[in-house]
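> Right, I'll just put the structure down here and ask away after.
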Amino acid sequence: MDLDMGQPVTNKTLVETLQQFKNEMLSHFDAKLDTIHNSVHQMQDSLNSMKTTVGELEGRVGSNQDELSRLETRIKQLEKQNSYLAEKVEDAENRSRASNIRLLRVPEGSEGRDMIGFVGQLLIQLFGQDKLPSPLVIERAHRSPGTPNPNPKTAPRPILVRFLHFQDKLNILRLSRDKKELQFNGNRVHIYPDFSAGQRNFSCGCRINLVVHMEDFLKIAPTRLLFLRVVQKCEKVFPQNGSKAIDPVAIP
């Protein structure tokens, strides 16, 4: 917009000049608005794209949550099945050991090369021939797997004995309970039923509790009756976790 300073300014000239200025401003604003509109459209496109992406992500999250819930349910089912199978395996292992005993504290090397013959003679020596009138039929006898420890202070490995007849095992355990103290070459020998490792851990915890609370038992009469009730409870209850051994004092 140019004005000739040598010419007089008339109303017509002024109007034309203002109109020209208006048109220039409108053109300028239109250009700027077009730029803004383009930017807004781009932002709108971006927002739409983001909205679509967020929708897809929400769908995937929902699908993942459903899958996670399904997996959690499946894991619980598998844990339940695993617990059931573990109990069955534990039961089967203990049943397979039904005719077994464990001899503890028998010095290493005492058996020589004939373990079965040695065990037969050892039982006769411990209980006497009169207590074992019929010969014991031993299917297998061996020490628990492992390397003997040369340290004399270390307890010798247990001897595992399997009888052909279940009644022979019961008879040996009964004789052991009746005699109470068994001696072999100056060593005190112990005889126990042979259970799985899990069952032995529980039994150990139960025996520890019985020993710890023996003082309390001695203060209560009749001691023998109470002790037998505790033992009967321990024989009937076998929790899965060996650390949760029965507290004898808490047993009614």
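Coordinate-derived values only; no laboratory data. On a predicted model such as this, the values are computed, not experimentally measured, just so you know. Glycine gets a Cβ as well: all are built from the backbone with ideal geometry, and neighbour counts include every protein chain shown.
> Can you work out the Karplus-derived ³J(HN,Hα) for every residue in segment 140-145? Use 6.51 cos²θ - 1.76 cosθ + 1.60 with θ = phi - 60°, whole Hz, and x for glycine or proline.
9, 7, 6, 7, 4, x
> Further, regarding this structure: Using just the Cα positions, wrap segment 91-147 in a convex hull and report its mean projected area in square nanometres, one decimal place.
Details: hull surface 20.1 nm².
In nm², the orientation-averaged hull projection of segment 91-147 is 5.0.
> Quick one: which residues, 5 or more positions from Leu182 or on another chain, have an amide H under 5 Å from its amide H? H modelled 1.01 Å from N in the peptide plane, none for Pro or chain starts.
Val189
> One-quarter of the Cα convex hull surface for segment 98-194, in nm²?
Details: hull surface 24.2 nm².
Its Cα hull, projected and averaged over all orientations, spans 6.0 nm².
> Binning every alpha carbon pair distance of segment 1-96 at 10 Å from zero, what are the percents per bin?
12, 14, 12, 11, 10, 9, 8, 7, 6, 5, 4, 2, 1
> Strictly over 18 Å apart at the Cα level, which of Lys131/Lys169; Lys88/Lys169; Lys131/Lys179 would you flag in this model?
Too far apart for the 18 Å limit: Lys88/Lys169.
> Something else now. For segment 98-194, build the charge dipole from Cβ charges (+1 Lys, Arg; -1 Asp, Glu) around the Cα centre, then report which of His165, Gly112, Ala155 sits farthest towards its positive end.
Ala155
> Just order 154-161, 17-24 by mean Cβ neighbour count inside 10 Å, highest at the front, would you?
Details: 154-161: 18.0, 17-24: 11.5.
Taking the mean over residues of other Cβ atoms within 10 Å, the ranking is 154-161, 17-24.
> Can I ask one more? When the chain is fully extended, how far beyond the present Cα-Cα distance does His37 get from His165, taking 0.36 nm per residue of separation?
Details: separation 128, 0.36 × 128 = 46.08 nm, distance 9.85 nm.
Full-extension gain reported as 36.2 nm.
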